[in-house]
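The values are calculated or read from the model by the stated rules, or taken from the named source; none is laboratory data. Just so it is clear, the model here is predicted, and its values are computed rather than measured. Glycine also receives a Cβ, built like all others from the backbone with ideal geometry; neighbour counts cover every protein chain displayed.
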Amino acid sequence: MPGRYESWFLSARDAEPGRPPRALWIRHTRHRPAGAARDSAALWCTLFDADGAQAVKQSFSGPPPGAAGPGGFHGEARARGRMASWELTLSSGEPPLRHLRPSALYRLPLPRTKVEAPVPDCIASGRVVLDARVQEVVGWRATAGHNWGAEHADRWVWLHAAGFEDEPEAWLELTLARVRAAGRTTPWIANGALSLGGARLRLGGLAHIPGVRVVAGPGRLEAIVPGERADIRVAVHADTDQIAGFRYAGVGPDPVAGEREVLHAGLAEVHLNVRRAGRPTMELATAAGGAYELGSRMFTGAVALQPYPDP
């Protein structure tokens, strides 16, 4: 039986000026390595604040407790003497975003990872407890994502940004990936959207692969992404003490070769240059309103990985 995995994830930030920035990254995952008879699962919660990134992750041999979806996330994780619990609701008027274009890619074997944002921009409210610390979540800007598949991409970037200083309602949801196909690794493929002035501007897609340029590393990203009605240049920065590192288990025929290092920054600085035909170039920036994730088969050692292995 081939391997498979599925995850729901929530990224939420309180980055209002005048307050110390804080962010959450919560994941509910299911995982079945190739040949395994049953699923395993994991729940984890990472809090980013002035003290850096703090995480708790618990693995389960069967379905995990809790729930995750467009309406909210609730769960609990206990491991290595630490405990986290969360009860969060999401409110949004935004329709879902399906990244892959054309949509037939969701029905085809390639890419082996599918991704969507059921709630690309929303407000999260509720409570998170990490060890003895209670964090009230009131009006945090958030996004909820969903991905699944039979193999992790060779290398990927996931970026979400909102709370831009001059365009507070705007948001960016972007994936960049290199995948294995026919024994070769593809160039960077971009998919996503920029919501600006109430209009959703699609970015990337198969037709725009030749124009995509990416330089990605731990805590830094520079990229050029063309789109249907807009092209963007994006620059991201995050300090290494604000990055949480995890090891993702492999799901393909070789679980060891399928392992990935995943570095997630919850309070990233993001700068956007937006170019649209017939309009002035627009510059957008947010000091801590971005969530930046880099996944790779290369283990860089740039950030110490969290001591929570998959089962």
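For the reader, a short list of remarks on this structure follows.
- Among (1) on the phi > 0 side of the Ramachandran plot; (2) of a type outside the set (A, V, I, L, M); (3) buried (at least 21 other Cβ atoms within 10 Å of the Cβ) - the single one HIS31 does not satisfy: (1)
- All of (1) assigned to a strand (DSSP E or B); (2) in contact (Cβ under 8 Å) with a residue 40 or more places away in the chain hold for VAL134 with one exception: (2).
- Residues that are within 30 Å of ALA177 (Cα to Cα), basic (Lys, Arg) and over 19 Å from the mean Cα position of the chain (by Cα) within the stretch 100-139 comprise just one, ARG107.
- Number of positions in the stretch 155-193 that are aliphatic (A, V, I, L, M), in contact (Cβ under 8 Å) with a residue 40 or more places away in the chain and under 28 Å from LEU24 (Cβ atoms): 10
- Scanning the stretch 90-109 turns up no residue that is at pLDDT below 95 and closer than 15 Å to TRP8 by Cα.
- GLY149 meets all of the listed conditions (1) closer than 20 Å to PRO70 by Cα; (2) at pLDDT 95 or above but one, namely (2).
- Taking the listed residues ALA288, ALA302, the one that is farther than 15 Å from ARG155 by Cα, touching a Pro at 6+ places or on another chain (Cβ under 6 Å) and crowded, with 22+ Cβ neighbours inside 10 Å is ALA288, with no other qualifying.
- Residue-level check: of (1) modelled with pLDDT of 95 or more; (2) in a loop (DSSP other than H, G, I, E, B), GLY278 misses just (1).
Conditions (1) aromatic (Phe, Trp, Tyr); (2) crowded, with 16+ Cβ neighbours inside 10 Å, marked per residue:
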position: ASP51; (1), (2): no, no
position: SER61; (1), (2): no, no
position: GLY69; (1), (2): no, no
position: PHE73; (1), (2): yes, yes
position: TRP86; (1), (2): yes, yes
position: HIS99; (1), (2): no, yes
position: LEU105; (1), (2): no, yes
position: THR113; (1), (2): no, yes
position: ALA117; (1), (2): no, yes
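- Of everything in the stretch 182-198 that is loosely packed, with under 12 Cβ neighbours inside 10 Å and among the small types (Gly, Ala, Ser), the residue that is nearest to GLU167 (Cα to Cα) is GLY197.
- Condition check for ILE224 on (1) surrounded by fewer than 21 Cβ atoms within 10 Å (Cβ to Cβ); (2) of a type in the set (A, V, I, L, M, F, W, C); (3) touching a residue at least 60 places away in the same chain (Cβ under 8 Å): one failure, at (3).
- Subset of the stretch 291-311 (residues that are of a type in the set (A, V, I, L, M) and either closer than 28 Å to GLY81 by Cβ or modelled with pLDDT of 95 or more (or both)): ALA291, LEU294, ALA302, VAL303, ALA304, LEU305
- Among the residues listed as GLY204, GLY211, GLY219, GLY245, the single one being modelled with pLDDT of 95 or more, more than 20 Å from GLU151 (Cβ to Cβ) and out of contact with any Pro (no Cβ under 9 Å at 6 or more places or on another chain): GLY219
- All positions within the stretch 134-189 that are β-branched (Val, Ile, Thr) and more than 30 Å from ARG19 (Cα to Cα): VAL179, THR185, THR186, ILE189
- Checking TRP156 against (1) touching a Lys or Arg at 6+ places or on another chain (Cβ under 9 Å); (2) at pLDDT below 95, the condition it does not meet: (2)
- Count of the stretch 106-131 residues, restricted to those that are touching a residue at least 60 places away in the same chain (Cβ under 8 Å) and of a type in the set (Ser, Thr, Tyr), is 1.
- Residue check, GLU94 in a loop (DSSP other than H, G, I, E, B), within 27 Å of GLY198 (Cα to Cα) and in contact with a strand residue (DSSP E or B) (Cβ under 6 Å, 6 or more places away or on another chain): yes
- Any hit, the stretch 250-271, residues being over 23 Å from GLY145 (Cα atoms), in contact (Cβ under 8 Å) with a residue 60 or more places away in the chain and outside any loop (DSSP other than H, G, I, E, B): no
- Yes/no for ALA177 being within 22 Å of PRO109 (Cβ to Cβ), small (Gly, Ala, Ser) and surrounded by fewer than 19 Cβ atoms within 10 Å (Cβ to Cβ): no
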